[in-house]
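Asker: Could you have a look at this structure, given as structure tokens, before my questions?
The values are calculated or read from the model by the stated rules, or taken from the named source; none is laboratory data. As the structure is a prediction and not an experimental result, all values here were calculated from the model. Note that each Cβ is placed from the backbone with ideal geometry, even for glycine, and that neighbours are counted across all protein chains shown.
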Amino acid sequence: MNTRNQKIAPPHQLPDFLRPFFWDYDFDSLSWGEDRELIVARILSSGDWNALTWLRSHTGDRFLREWIEHHQGDGLSPPRLRFWELILGLPHRKVNNWLAAERRKIWGKRVNP
């Protein structure tokens with residue numbers, strides 16, 4: 001299913017400027033077809049402006065909105081989730097509920113050394 005707002009990236013190698021975001025993986029073996037979940041999660045959670053722009057151009061905002069809703073914002077810091085709430089028009093109450101979920105509270109109580 002390929003709509004005007006939902007573009008799919010070709011299955012070739014990822015652009016080299018994404019390499020720093022996948023320092024813990026064999027970057028050259030990553031592919032959109034095989035590793036889409038990892039790529040989307042990593043770029044949404046820690047990508048810079050260029051990486052985010054690339055991701056949006058290859059997936060479309062509708063895909064990203066559905067992806068975040070399906071994962072209920074898991075893996076995204078509160079500031080990142082609020083950013084995507086504004087950019088993608090995510091429902092404010094849903095985002096509040098995701099941020100208040102018990103599974104997030106565990107991470108919020110961790111102590112930094």
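Asker: Regarding PRO11, is this residue modelled with pLDDT under 95, of a type outside the set (D, E, K, R), surrounded by fewer than 17 Cβ atoms within 10 Å (Cβ to Cβ) and assigned to a helix (DSSP H, G or I)? Steps first, answer last, please.
Answerer: Numbers: modelled with pLDDT under 95: yes; of a type outside the set (D, E, K, R): yes; surrounded by fewer than 17 Cβ atoms within 10 Å (Cβ to Cβ): yes; assigned to a helix (DSSP H, G or I): no.
Here the answer is no, as PRO11 does not meet what is asked.
Asker: Assess whether TRP32 counts as being surrounded by 12 or more Cβ atoms within 10 Å (Cβ to Cβ) and modelled with pLDDT of 95 or more.
Answerer: Numbers: surrounded by 12 or more Cβ atoms within 10 Å (Cβ to Cβ): yes; modelled with pLDDT of 95 or more: no.
No, not satisfied.
Asker: Quick one: which of ALA100, ALA41 is at pLDDT 95 or above and among the small types (Gly, Ala, Ser)? Write out each step before concluding.
Answerer: Values: ALA100 fails: at pLDDT 95 or above.
Going through ALA100, ALA41 in turn, just one is at pLDDT 95 or above and among the small types (Gly, Ala, Ser): ALA41.
Asker: For region 41-53, does any single residue satisfy the condition of being touching a Pro at 6+ places or on another chain (Cβ under 8 Å) and either over 21 Å from ALA101 (Cβ atoms) or assigned by TED's automatic domain parsing to the domain that holds LEU99 (or both)?
Answerer: no
Asker: Of the residues that sit in region 53-84 and are in contact (Cβ under 8 Å) with a residue 40 or more places away in the chain and assigned to a helix (DSSP H, G or I), which one is surrounded by the fewest Cβ atoms within 10 Å (Cβ to Cβ)? Break it down into steps so the answer makes sense when it comes.
Answerer: Step one: filter region 53-84 for residues in contact (Cβ under 8 Å) with a residue 40 or more places away in the chain, giving 57-63, 84.
If we keep only those that are assigned to a helix (DSSP H, G or I) too, we end up with 57-59, 61-63, 84.
Details: SER57: 10, HIS58: 19, THR59: 23, ASP61: 14, ARG62: 13, PHE63: 19, TRP84: 21.
Applying the filter and picking the extreme gives SER57.
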